[in-house]
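The values are calculated or read from the model by the stated rules, or taken from the named source; none is laboratory data. None of the values given here were measured: they were computed from a predicted structure. Because the Cβ atoms are built from the backbone with ideal geometry, glycine has one as well, and the counts that use them run over all protein chains shown.
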Amino acid sequence: MNLKILVINAGPDSTKVGLFHGTRPVFVGSLHHPEEELDNFKDTNDQKDYREKIVLDFLAENEVDIESLAAVAARGGWLRPLESGTYLVNDKMLSELIEGKWGFHACHLSAQIGHSIAQLAGISCYVVDPLSMDEYEPIARYTGHKLFQRECLAHSLNMKAIAKRYAKDNHLNYNKITVITVHLGTGISIAIHKKGKMVDAVNSREEGTFSGDRCGGLPVLQVARHVIENKLDFETFSDMVFGNGGLISYLGTKDFRKITEMYVDGNREAVDVVNAVAYQVGKDVGALATVNCGKINAVIFSGGMAHENYFVDLIKKRVQFIAPVVLYPGGDEMEALAEGIQRILLKEEKIKSY
């Protein structure tokens, strides 16, 4: 069976391209786009043809005939709230991504480029668990004021992938278990998966523990006073808490390898801050465990920071009483996208329509 899958994941200044045979990577490359070249375009959407040519040239250099592909997987963007799954890219989806109807992210180029290449090859392009994936139960949306409600903004693609990987590795049915996934990266997301749905999560943009460059939850009255007294506009404040918060604000870097060196060297501030992150992650895991009355099959760790055993151990000692702790270090979005498409090609899941 043909399981050749082209995976495309566009970022602000690069486009990741990978060829997979099922879930096995044949090659993966990150194509950098110099700032001086991107400045020639009026907006991100305008870069589509430029990036597509670079992707096609890269495939030609690696002797890939696009007509040999079985499918194209593209990183999903900000769409309307969707349940988990693999969605066929269609005209309606493309129109909303280009318009930025629900918000905008550079990854919106992924589906545009992927769909174009798929048309050339006579195949289909799909997105898997896009950024707007939202399976919250109604009770999880309450905030404490009727003007606001909680939103699912988490590393859904990776966390869904590792939860399903855990189930498969342990001969379990993902739709019949309850697990907590912890993505330890520049942003830290924590979610509970209950009977096949990610029913609650810690929003890595504005809730829970601080992380690489994000503040997480902040004391709202102190924050309001700071914003008013300093006359901050929304964009300035947003940059402060999402991009310049977290570990950067405390230690001047979000590179956890450097922070680990500081920790090992006994830097007092680094030791205290790292312990605080582990403490807050543990609290959030404990809180989510109550969603299913403490009945949890496993607590699963992924993300780049999960490679640091000392850090995982700091969290593990706080949460291992809840359920067995399982590690899947790293968090490869490319592999997660390929896994989603393989499930479609093998008819393990049904294609969803947008």
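Key figures
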| read-out | value |
| --- | --- |
| Output for segment 195-214, where each listed residue is touching a helix residue (DSSP H, G or I) at 6+ places or on another chain (Cβ under 7 Å), buried (at least 20 other Cβ atoms within 10 Å of the Cβ) and not hydroxyl-bearing (S, T, Y) | M198, V199, D200, V202, G208, F210, G212, R214 |
| Elements of type helices (runs of 4 or more DSSP H) contained in segment 1-110, each with 2 or more residues being of a type outside the set (S, T, Y) and in contact with an Asp or Glu (Cβ under 9 Å, 6 or more places away or on another chain) | 35-38 |
| Conditions (1) surrounded by 19 or more Cβ atoms within 10 Å (Cβ to Cβ); (2) in contact with a Gly (Cβ under 9 Å, 6 or more places away or on another chain); number of the one not met by I113 | (2) |
| Tally of residues being within 24 Å of D272 (Cβ to Cβ), in contact with a Ser or Thr (Cβ under 9 Å, 6 or more places away or on another chain) and not in a helix (DSSP H, G or I) across segment 305-327 | 1 |
| Where G303 falls short, out of the listed (1) surrounded by 19 or more Cβ atoms within 10 Å (Cβ to Cβ); (2) at pLDDT 95 or above | (2) |
| Residues satisfying the stated conditions in segment 135-163, i.e. buried (at least 22 other Cβ atoms within 10 Å of the Cβ) and free of Cβ contacts under 8 Å to residues at least 60 places away in the same chain | A154 |
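Conditions (1) β-branched (V, I, T); (2) at pLDDT below 95; (3) under 16 Å from the mean Cα position of the chain (by Cα), marked per residue:
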residue: K101; (1), (2), (3): no, yes, no
residue: F104; (1), (2), (3): no, yes, yes
residue: L109; (1), (2), (3): no, no, no
residue: H115; (1), (2), (3): no, no, no
residue: G122; (1), (2), (3): no, no, no
residue: C125; (1), (2), (3): no, no, no
residue: P130; (1), (2), (3): no, yes, yes
residue: M133; (1), (2), (3): no, yes, yes
residue: E137; (1), (2), (3): no, yes, no
